[in-house]
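Have a look at the structure below before the remarks.
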Amino acid sequence: MKKNNELINDTSKPTQSINQGKIQRREILKAAVAGAALFAGGAPAIHAQQKTIRFLNAEPSRDSVKALRVAAAEYERISKVKVVIDTVVPDEAYNKLQASIAAGTPYDIGTLAFAGHVFILADAGKLVPLNTLVNKHKWGPRILFPIKGQNYWYPYDYNFCWMYYRKDLYQQKGLKVPTTWEQMAENAKALTADGKFGVAQPLGNNAAAQWMSLGYMWADGVRMLDDNFALVLDNPTNKPKVMAYFEFMKKMSPSMPQGMTQALFGTVLGQYSGGQVAHAPYAGRLMEVIEDKAPDLVSKTGFFMYPDSAGKGQAVNHGYDGWVVLNTPMKEESLKFMEWFTENQYINFLHSAPLHFQPARLDVYDDARWRAHPLVEKHADLVEFMKGLLTRKDVIIRSVDTEGPRIDSRPGKMFETFAITEGLQNVIYNGMPASEAVDVMSKKYRTVL
Amino acid sequence: MQGFRTPSDKVLKWAFIASVSVVLLLILLPVLHAIQLSFYHSESFVSNKNWVGIGNYVRILNEIIFWKALSVGLIFGCLTIILQVCLGIAFALFLDRNFPGIPIIRGLVILPYLLPTVVVALAFQWILDGTLGLFTLWSEQLGMGRPSWFENPYLAMAVVIVASVWTWTPFVTVSFLAALQTIPKSLYESAKVDGAGMWARFWHVTIPMLLPMLMVIILLRSIWMFNKFDIIWLLTKGGPSSATEHLPILAYRRAFLQYDVGGGAAVATLSFLLLSLLILVYFYYYPLEEKGGSH
């Protein structure tokens, strides 16, 4: 090239200058061929570097985001595929996913917390089956939600809701862990005094109330839908049970702090960790919070499942969270990433909320890596209780949005009508007879079925 | 367009066309898309759409919840507008006087309007918190117990109305204050000479002179309050028992939460049509140009 430059720059030699153009073209051609060869050789690497997977995360806690970012960086290092993590609050995940699809720039992987959302996206052909990944492991009950034999999501968290209670206050008052609604109401009443309240039960038109306050009803064996997705909440079997549940919640309401219709997840955590309430419904997050904010409460805290009315059944309210892979041009890369992530980083991610993310994969409970987390080790009794929720045959696992014989959008619609929380409000705050409240609620549910 | 002859006119013409195009793109297209969606059944924005004609409208109009939401919207809209206008005029009359510190007070009056709605909602939630809220504690100290601000349907409605009035009255105040300052003092002096007292001057001079502004304010506030979503959603999410759920919240709930995009679009379209009808009736009885021109 130096020679060529010299020729080009030497304007004192006309003959050469006439040939200058030819030489230049030849050189340019050579350079182009060389460049193309170089590009062809290096193309896979360059192309791989440019590949980007967009991951919509709906676990906004600092540790969970950090765990995903660490995983993304590690994956980029070994595969040269970039994984961009965007984080939203859980309530926004589905709408953001929908918007990204509608805008023509879909996320490649997303987090979903409603079976109905998985169903709608799978039905619209927007998801990729994850059978190969899912079939590698054994899973707990009521977590995979297959659609026509295909598993479209990879769960990471059961998100059950159970009750926590103050063991020290129980001891002071000589109370026993309740096994019936009556005992629960009496215990809550006994612990309500001097600005302290017996129990926090959210009662608003929100997900918090439907996650935290319906467990008693499930424990009594109430079913909302039959095997044909017909509403059976007000049939002769279920209506008396729902009425009794409404009356029980009304009886317990004087033992709750004011403002329960406004209470959200954080409200309950704050009320329990602040010592304002003696009972609080939650998953493992509550233990993590009091470990962090109120360590003196850790040894004073016990837990039990929601009791039924007669002391025969017990239940937890279902939650669940999982990932889906979207049907995008990057689906193959996304599947590769998910395969790597679920084998190599799944436990690291679970450790970002060690007690709250209750593993859906059964092998994790026996995995020394998972067991080695200090909080998992320290709270071995809680972990055994959590594992027992999956293995015991006498535990009822229910939630509004998973009612019915299989996953479908209809229970999701029922969830979003908040008819049952309105029923509670009608009985507790508006003095409506329980029977009428069940009728009003059932009518509202039928409008969306 | 015949008037656009000079080069600067041509610039003006293209600026006009550009701005109209932007308006069409950002407003008309989404509106038309929403109307189009209302004729389809779809569970999400990415699902297949099935043509149902006016099926969504028939279904929505047969639901009690639609009529309840409409009545909630009318109650919320009317009460907030009446209170904003009455308080706005009263504050404007007060601020129209000259006394030491008036510029500072005039500046402070606009403050609630400058606050983001989310801040206002959080402030009200804390003030009315069932356990620690200032108003809750005062109420208890006065022997009235702890009011169930957000559990009682009437109190919940009162809360969203008060929060809205508190936030948007400053806009009305400033508008009326500007209008008040354009009223010639000679009119008041003449009325005074004719023996008109304070009330007579208010009813026969101030109010007629404020009428054009009053009409504009009522029109604007009606549109804004009827469509007001944020403050209600942030404070009550339409509860308790749908007591504060008006049409915008119902539309949002249907489209984004209850997997009924067509139903939500139908509610939004009906709301749009009702508001348009209301405005047409309003203009029929109070044509702005005539009223404005008469003064």
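For residue A:148, the requirement of being out of contact with any helix residue (DSSP H, G or I) (no Cβ under 8 Å at 6 or more places or on another chain), closer than 30 Å to residue A:323 by Cβ and surrounded by fewer than 22 Cβ atoms within 10 Å (Cβ to Cβ) is met. If the condition is being of a type in the set (A, V, I, L, M), in contact (Cβ under 8 Å) with a residue 40 or more places away in the chain and not in a strand (DSSP E or B), then region A:187-213 contributes A:188, A:191, A:200, A:203, A:207, A:208, A:209, A:212. Scanning region A:89-109 for residues that are within 15 Å of the chain's Cα centre (by Cα) and among the hydroxyl-bearing types (Ser, Thr, Tyr) returns a single hit, A:94. Of the residues making up region B:1-40, those that are within 30 Å of residue B:254 (Cβ to Cβ) and small (Gly, Ala, Ser) are B:34, B:38.
Restricted to helices (runs of 4 or more DSSP H) entirely inside region A:91-173, those with at least 3 residues that are assigned by TED's automatic domain parsing to the domain that holds residue A:198 and at pLDDT 95 or above are A:167-173.
Against the definition (modelled with pLDDT under 95 and either in a loop (DSSP other than H, G, I, E, B) or under 12 Å from residue B:263 (Cβ atoms) (or both)), how does residue B:81 come out, yes or no?
Details: modelled with pLDDT under 95: yes; either in a loop (DSSP other than H, G, I, E, B) or under 12 Å from residue B:263 (Cβ atoms) (or both): no.
No, not satisfied.
Here is the figure for region B:122-142: residues that are in contact with an Asp or Glu (Cβ under 9 Å, 6 or more places away or on another chain) and either away from every other protein chain (no Cβ under 14 Å) or among the polar types (S, T, N, Q) (or both) total 1. The condition of being of a type in the set (S, T, N, Q), within 30 Å of residue B:154 (Cα to Cα) and within 14 Å of chain B (Cβ to nearest Cβ) does not hold for residue A:328. Filtering region A:401-411 for residues that are among the hydrophobic types (A, V, I, L, M, F, W, C) and at positive phi leaves an empty set.
Listed here are the residues, each with its yes/no results for (1) surrounded by fewer than 20 Cβ atoms within 10 Å (Cβ to Cβ); (2) within 27 Å of residue B:43 (Cβ to Cβ).
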site	(1), (2)
A:393	yes, no
A:414	no, yes
A:427	no, no
A:443	yes, yes
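Annotation note: Cβ proximity below 6 Å between a residue of region A:394-421 that is within 12 Å of another protein chain (Cβ to nearest Cβ) and a residue that is part of a loop (DSSP other than H, G, I, E, B) and among the aliphatic types (A, V, I, L, M) (sequence gap 6+ or interchain) occurs for A:410/A:449.
Among the residues making up region A:421-449, those that are over 20 Å from residue B:250 (Cβ atoms), part of a helix (DSSP H, G or I) and hydrophobic (A, V, I, L, M, F, W, C) are A:424, A:427, A:428, A:434, A:437, A:438.
Among the conditions (1) crowded, with 20+ Cβ neighbours inside 10 Å; (2) over 20 Å from residue B:46 (Cα atoms), the only one that residue A:120 does not satisfy is (2). Those helices (runs of 4 or more DSSP H) of region B:198-295 in which at least 1 residues are within 13 Å of chain A (Cβ to nearest Cβ), farther than 30 Å from residue A:431 by Cβ and in contact (Cβ under 8 Å) with a residue 24 or more places away in the chain, considering only elements entirely within it, cover B:261-285. Against the condition within 14 Å of chain B (Cβ to nearest Cβ), of a type in the set (S, T, N, Q) and surrounded by fewer than 23 Cβ atoms within 10 Å (Cβ to Cβ), how does residue A:276 come out, does it pass? Taking the combined requirement at face value, the residue satisfies it. Put simply, of A:283, A:315, A:294 the only residue that is farther than 28 Å from residue A:342 by Cβ, in contact (Cβ under 8 Å) with a residue 40 or more places away in the chain and hydrophobic (A, V, I, L, M, F, W, C) is A:315. Listed by first and then second residue, the pairs with beta-carbon distance under 7 Å, at least 6 apart or on different chains, first residue in region B:53-64 and in a loop (DSSP other than H, G, I, E, B), second modelled with pLDDT of 95 or more, are B:53/B:39. Quick check: anything in region A:245-253 of a type outside the set (Asp, Glu), over 21 Å from residue A:218 (Cα atoms), buried (at least 19 other Cβ atoms within 10 Å of the Cβ) and assigned by TED's automatic domain parsing to the domain that holds residue A:184? No, the conditions are met nowhere in region A:245-253.
Filter region A:393-420 down to the residues that are assigned to a helix (DSSP H, G or I) and of a type outside the set (Ser, Thr, Tyr) and list them by number. Residues satisfying the conditions are A:400, A:401, A:410, A:411, A:412, A:413, A:414, A:415, A:416, A:419, A:420. Is region A:251-270 home to any residue that is more than 13 Å from chain B (Cβ to nearest Cβ) and touching a Lys or Arg at 6+ places or on another chain (Cβ under 6 Å)? Within region A:251-270, one or more residues are more than 13 Å from chain B (Cβ to nearest Cβ) and touching a Lys or Arg at 6+ places or on another chain (Cβ under 6 Å). Take the conditions (1) crowded, with 18+ Cβ neighbours inside 10 Å; (2) closer than 30 Å to residue B:145 by Cβ; residue A:218 misses just one of them, which is (2).
In region A:123-145, the residue that is farthest from residue A:333 (Cα to Cα) out of those that are crowded, with 21+ Cβ neighbours inside 10 Å and within 11 Å of another protein chain (Cβ to nearest Cβ) is A:126.
Given the options A:445, A:429, name the one that is at the interface with chain B (Cβ under 9 Å from one of its Cβ atoms), aromatic (Phe, Trp, Tyr) and over 17 Å from residue A:216 (Cα atoms).
A:429
I'd like to verify a number: residues in region B:149-170 that are in contact with a helix residue (DSSP H, G or I) (Cβ under 7 Å, 6 or more places away or on another chain) and more than 21 Å from residue A:425 (Cα to Cα), how many? Here the count works out to 9. Just one of the listed residues (B:119, B:159) is in a helix (DSSP H, G or I), aliphatic (A, V, I, L, M) and away from chain A (no Cβ under 11 Å), namely B:119.
Matching residues to (1) in contact with a strand residue (DSSP E or B) (Cβ under 7 Å, 6 or more places away or on another chain); (2) of a type in the set (Gly, Ala, Ser); (3) modelled with pLDDT of 90 or more; (4) surrounded by 18 or more Cβ atoms within 10 Å (Cβ to Cβ):
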site: B:194; (1), (2), (3), (4): no, no, no, no
site: B:197; (1), (2), (3), (4): no, yes, no, no
site: B:210; (1), (2), (3), (4): no, no, no, yes
site: B:214; (1), (2), (3), (4): no, no, no, yes
site: B:235; (1), (2), (3), (4): no, no, yes, yes
site: B:241; (1), (2), (3), (4): no, yes, no, yes
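The number of residues in region A:194-209 that are crowded, with 24+ Cβ neighbours inside 10 Å, within 11 Å of another protein chain (Cβ to nearest Cβ), within 14 Å of residue B:130 (Cβ to Cβ) and of a type outside the set (A, V, I, L, M, F, W, C) comes to 1. In the set A:40, A:73, A:34, only one residue is surrounded by fewer than 22 Cβ atoms within 10 Å (Cβ to Cβ) and at pLDDT 90 or above; that residue is A:73. Scanning region B:91-102 for residues that are within 28 Å of residue B:160 (Cβ to Cβ) and among the basic types (Lys, Arg) turns up nothing.
The values are calculated or read from the model by the stated rules, or taken from the named source; none is laboratory data. Model, not experiment: these values are computed from the prediction. Please note: Cβ atoms are built from the backbone with ideal geometry, for glycine as well, and neighbour counts cover all protein chains shown.
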